[in-house]
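See below for the structure under consideration.
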Amino acid sequence: MKNYRVVNLELTLPAVRDMPERITREVRQARAHQIRVIKFIHGYGSTGRGGKLRLAVRQTLTRAAQTGQIACCIPGEKLSIFDADTQRALRLCDELRRDPDLDRHNNGVTIVVL
């Protein structure tokens, strides 16, 4: 059974103001399909300093973790087999082991554990 989903936000370039609603919808859909881990691809930003989309996604996910809506979020730069949250995600979702961003320190992605 597949319990891992990739959501590429870069493809649709949603407005920053729409991020909370979009993320809530994606989390709700993932739960309905018994997905345990979601990878959000949001990019880093064209300026090289961190884009607005990336910041909006991370802020929304941090709030969701703080309120218990998600178990945790793992910034791509911390997605490593040596990170405790990543180890937890790997136990829940073996498919994550094959993700090309594992141990690549890609700050253009964020992993969500439900």
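The values are calculated or read from the model by the stated rules, or taken from the named source; none is laboratory data. For clarity, every value in this text was computed on a predicted model and none was experimentally measured. Every residue, glycine among them, receives a Cβ derived from its backbone with ideal geometry; neighbour counts consider all protein chains shown. Accessible surface is based on the protein model in full, side chains and every heavy atom, while ligands, DNA and RNA are left aside. Shrake-Rupley method; radii C 1.70, N 1.55, O 1.52, S 1.80 Å.
Before rounding to the nearest 500, sum -39500 (n - 2.57) across all DSSP H runs of length at least 4 in the chain and divide by the residue total; then give [θ] at 222 nm in deg cm²/dmol.
It lands at -11000 deg cm²/dmol.
Report, to the nearest whole %, how much of the accessible area of the chain belongs to carbon and sulfur atoms, 1.4 Å probe, protein only.
49
Can you give the accessible area per residue of the chain, in Å², using a 1.4 Å probe?
57
How compact and how long is the chain, expressed as Rg and Dmax of its alpha-carbon atoms in Å?
Gyration radius and largest Cα-Cα distance of the chain: 13.0, 39 Å.
Arrange the peptides 105-112, 2-9, 80-87 so that the one whose residues have, on average, the most other Cβ atoms within 10 Å appears first.
For the peptides 105-112, 2-9, 80-87, the packing ranking is 105-112, 2-9, 80-87.
Taking Cα atoms of the stretch 55-114, Rg/Rh with Kirkwood Rh, to two decimals? Show your work: numbers first, answer last.
Numbers: Rg = 10.9 Å, Rh = 11.5 Å.
So for the stretch 55-114, dividing Rg by the Kirkwood Rh gives 0.95.
Can you tell me the dipole magnitude for the chain around its Cα centre, using point charges on the Cβ only (Lys, Arg +1; Asp, Glu -1), in Debye to the nearest 20?
Its charge dipole is roughly 240 debye.
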